[in-house]
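Peer 1: First, the structure itself, so that you have it in front of you.
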Amino acid sequence: TLRIKCSYSDSNGKYRSEDQSVVSRLQKKYWKTKQVLIKVTGKKEDEHVVASDAELDAKLEVFHSVQTSCIDLLKTVEKYQQRLNVMSEDENELGLLLQVQGEQDATEAGKMMKATGKILCSSAQQRVALCTPLSRLGQELATFSHRAVSDTLLTIDHMEQARIEYRGALLWMKDVSQELDPDTCKQMEKFRKVQMQVKNTKAQFDKLKMDVCQKVDLLGASHCNMLSHSLAIYQITLLHFFKKTAGLMSKIHEEFIGVHPYHSVSLEVKFSCYFMLLKYKQFQGKSCSVLLVLGSRMLSGDGIFLAFSCQFLTSFY
């Protein structure tokens with residue numbers, strides 16, 4: 001009979017401890033979920049608790065600034081490289097066109113076009129060289145974002161979970177303390193259990209909080225060093241490109257400084273007349289083929305036809 005009673009009492013104690021463990025886990029989840037809802041809904045929290053994390057929140061702002069700047073700068077570098085390639089292609093095509101037209105013109109203007117075309121082709125090739133330091137900068141930014149930023153973000157996620165658990169435990173202890181009766185042994189035991197939960201969660205949160213602050217400081221320093229090194233190489237390449245191109249353009253300017261500019265003036269007159277014809281076409285609905293013929297004859301250098309076209313145009317106004 002004694003053996004049966006002892007085993008019965010042991011089983012009851014085991015069941016009670018298991019029930020208490022289940023209730024304790026449910027209470028932890030309840031207060032953690034409540035803290036999550038407070039954070040999501042933006043409900044005002046205890047000002048002293050929020051003020052205690054002011055340094056941490058400042059570090060998080062620095063991290064988000066670094067994270068955003070890396071993404072934006074990476075996109076900007078990619079677009080910049082695309083624009084450089086397009087500009088270099090257009091500049092090279094313009095240079096080739098000027099060289100071809102210059103070979104067909106025996107005047108001083110032809111010589112100027114040939115010289116300018118050669119420099120534009122050279123400038124286009126040197127402009128492509130700017131893509132090398134930009135490509136290196138893009139690779140370093142991508143590596144920095146995928147490794148350093150991602151590692152810091154993982155630590156921040158763990159810290160945020162620990163902060164939610166810690167603040168949830170504080171809410172739990174606040175709720176228990178409001179109903180606390182020091183003369184009741186059971187309530188004091190429950191308060192000590194919640195107090196121990198707060199202590200454990202705070203220790204875990206403080207550890208992760210320190211890790212986050214240290215990683216953010218290292219991240220900011222690494223970010224500045226990376227940009228200083230990569231942008232210095234790009235700056236040297238860009239200044240070399242500007243200096244060499246400006247020197248070549250200055251030589252052309254000095255060489256042809258005495259050439260009369262009547263060729264470019266007549267070209268402006270031809271283009272202005274042609275665009276006036278296009279404007280007239282929009283209002284009067286003339287045939288596009290007629291305008292193309294007029295335009296091609298005007299741009300071909302036919303002075304008689306140019307005068308006739310201008311008279312034809314002004315007769316409608």
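Peer 1: Is there any pair linking a residue in region 63-74 that is closer than 13 Å to LEU141 by Cβ to one that is surrounded by fewer than 13 Cβ atoms within 10 Å (Cβ to Cβ), with Cβ under 8 Å and at least six apart or on different chains, and which?
Peer 2: none
Peer 1: Name the residue that is nearest to THR237 (Cα to Cα), counting only residues in region 127-153 that are in contact with a Leu (Cβ under 8 Å, 6 or more places away or on another chain) and among the β-branched types (Val, Ile, Thr). Walk me through it before giving the result.
Peer 2: The initial filter retains those residues of region 127-153 that are in contact with a Leu (Cβ under 8 Å, 6 or more places away or on another chain), namely 127-128, 130-131, 134, 137-138, 141-142, 145, 148-149, 152.
From what is left, the residues that are among the β-branched types (Val, Ile, Thr) are 128, 149, 152.
Details: VAL128: 11, VAL149: 29, THR152: 33 Å.
Ranking the qualifying residues of region 127-153, first place goes to VAL128.
Peer 1: Is it true that some residue in region 9-26 is open to solvent by 70 Å² or more (accessible area, probe 1.4 Å), at pLDDT 70 or above and of a type in the set (Val, Ile, Thr)?
Peer 2: Keep residues of region 9-26 that are open to solvent by 70 Å² or more (accessible area, probe 1.4 Å), which gives 10, 14-16, 18-20, 23, 25-26.
Applying the additional criterion that residues be at pLDDT 70 or above yields 25-26.
Keeping just the survivors that are of a type in the set (Val, Ile, Thr) gives none.
No.
Peer 1: Separate question: From THR68, THR76, THR33, which residue is closer than 25 Å to TRP172 by Cα, part of a helix (DSSP H, G or I) and either in contact with a strand residue (DSSP E or B) (Cβ under 6 Å, 6 or more places away or on another chain) or modelled with pLDDT of 75 or more (or both)? Can you show your working first?
Peer 2: Numbers: THR68 fails: closer than 25 Å to TRP172 by Cα; THR76 fails: closer than 25 Å to TRP172 by Cα.
When all the criteria are applied, what remains is THR33.
A quick yes/no check of all residues on (1) part of a helix (DSSP H, G or I); (2) farther than 30 Å from GLN161 by Cα:
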residue	(1), (2)
ILE38	yes, no
LYS44	no, no
LEU56	yes, no
SER88	yes, yes
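Peer 1: Which one is nearest to the chain's Cα centre (by Cα) among residues in region 55-75 that are under 30 Å from SER123 (Cα atoms) and loosely packed, with under 13 Cβ neighbours inside 10 Å?
Peer 2: ASP72
Peer 1: A further question follows. Which of the numbered conditions does LYS79 fail, given that it passes all the others? Conditions: (1) open to solvent by 70 Å² or more (accessible area, probe 1.4 Å); (2) over 29 Å from VAL212 (Cα atoms); (3) touching a residue at least 24 places away in the same chain (Cβ under 8 Å).
Peer 2: Of everything listed in (1) open to solvent by 70 Å² or more (accessible area, probe 1.4 Å); (2) over 29 Å from VAL212 (Cα atoms); (3) touching a residue at least 24 places away in the same chain (Cβ under 8 Å), LYS79 misses just condition (3).
Peer 1: Can you confirm whether LYS207 is among the basic types (Lys, Arg), modelled with pLDDT of 90 or more, within 16 Å of ILE156 (Cα to Cα) and more than 25 Å from the chain's Cα centre (by Cα)?
Peer 2: On the way: among the basic types (Lys, Arg): yes; modelled with pLDDT of 90 or more: yes; within 16 Å of ILE156 (Cα to Cα): yes; more than 25 Å from the chain's Cα centre (by Cα): yes.
So LYS207 passes the test.
Peer 1: LYS209 - would you say it is assigned to a helix (DSSP H, G or I), charged (D, E, K, R) and surrounded by 13 or more Cβ atoms within 10 Å (Cβ to Cβ)?
Peer 2: Numbers: assigned to a helix (DSSP H, G or I): yes; charged (D, E, K, R): yes; surrounded by 13 or more Cβ atoms within 10 Å (Cβ to Cβ): yes.
Criteria met by LYS209.
The values are calculated or read from the model by the stated rules, or taken from the named source; none is laboratory data. None of these values were measured; they are calculated from a predicted model. Don't worry about glycine lacking a Cβ; one is built from the backbone with ideal geometry, like all the others, and counts go over all protein chains shown. Quick note on the areas: whole protein, heavy atoms, side chains included, nothing else; ligands and nucleic acids left out. Shrake-Rupley method; radii C 1.70, N 1.55, O 1.52, S 1.80 Å.
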